[in-house]
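Read the figures in this text as sums done on the coordinates, not as results from a lab. Everything numeric in this text was worked out from a predicted model, so none of it was measured. Every residue, glycine as well, gets a Cβ built from its backbone with ideal geometry; the counts of neighbours run over all protein chains shown.
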């Protein structure tokens, strides 16, 4: 029997290849190679399926953030590595970004998706602020700026890859972080 995770993976593949507009119970069933009833067994509505897929995408990023925290040698390195994870530097992160962009746009009109987006954004800013914490320094404001910069670079890399290369994006991110982490 197919699992709920298999179905959310199928949905994410559809989003990466064809966009969120291509997603329906029928197209997810076809992508997963199962009947519509098999999808409906796990998810009563398309919105339930979308919510589960978005949660799964956020969980994957959170797991990588935990792994980065475990291997980073200091808080500054953690911030650098964490924000680099947001950039589409390989096929897996590009696919995740395509899913994130699609769900972010939809979250504007969906309170359930907005709640998930808010939770994920808050956790990211909190993690970056924790890595930037220093006496007399507004680490929260700096974290909001750093996350916004990484997000903007990621979107431009995805949508205008001939204009913003990976090397240029990494250089811009590192230059910004150098201003926040001069003595760390």
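Among 138, 91, the order by Cβ neighbours within 10 angstrom, fewest to most, reads 91, 138. GNM remark for the chain: springs join alpha carbons under 10 Å apart, and the peak mean-square fluctuation among 110, 73, 24 falls on 73. For region 21-112, averaging the sequence separation of C-alpha pairs within contact (under 8 Å, six or more residues apart) and dividing by the residue count gives a relative contact order of 18 percent. Taking Cα atoms only, the orientation of helix 46-71 departs from the longest principal axis of the chain by about 30 degrees.
Could you work out how far the C-alpha centroid of region 71-96 sits from that of region 26-55, in angstrom? Taking the Cα centre of each part, region 71-96 and region 26-55 sit 30 Å apart. Computing semi-axes √(5λ) of the Cα gyration tensor in Å directly from the structure and comparing it against (i) 29, 16, 16; (ii) 34, 17, 14; (iii) 60, 17, 14 singles out (ii).
Taking 0.36 nm per residue of separation and subtracting the current Cα-Cα distance, fully stretching the chain between residue 141 and residue 48 would add 30.0 nm. Within the listed set 168, 57, 129, the Gaussian network model of the chain (springs between alpha-carbon atoms below 10 Å) gives the highest mean-square fluctuation for 168.
For the chain, the longest principal axis of the C-alpha atoms and the axis of helix 139-159 are separated by about 50°. Taking the number of Cβ atoms within 10 Å of each Cβ as an exposure proxy, the fewest-first ranking of 68, 58 is 68, 58. Arranged from fewest to most other beta-carbon atoms within 10 Å of their beta carbon, 181, 89, 11 become 89, 181, 11. Residues of region 1-19 with an amide N closer than 20 Å to a point placed 7 Å from the Cα of residue 41 along the Cα-to-Cβ direction: 1-12. Note on residue 112 and residue 71: the model spin-label points, each 7 Å out from Cα along the C-beta direction, lie 3.5 nm apart.
Can you give me the angle between helix 166-180 and the longest principal axis of the chain, using Cα atoms only, in degrees from 0 to 90, rounded to the nearest 10? Between the helix axis and the principal axis of the chain, the angle is about 50 degrees.
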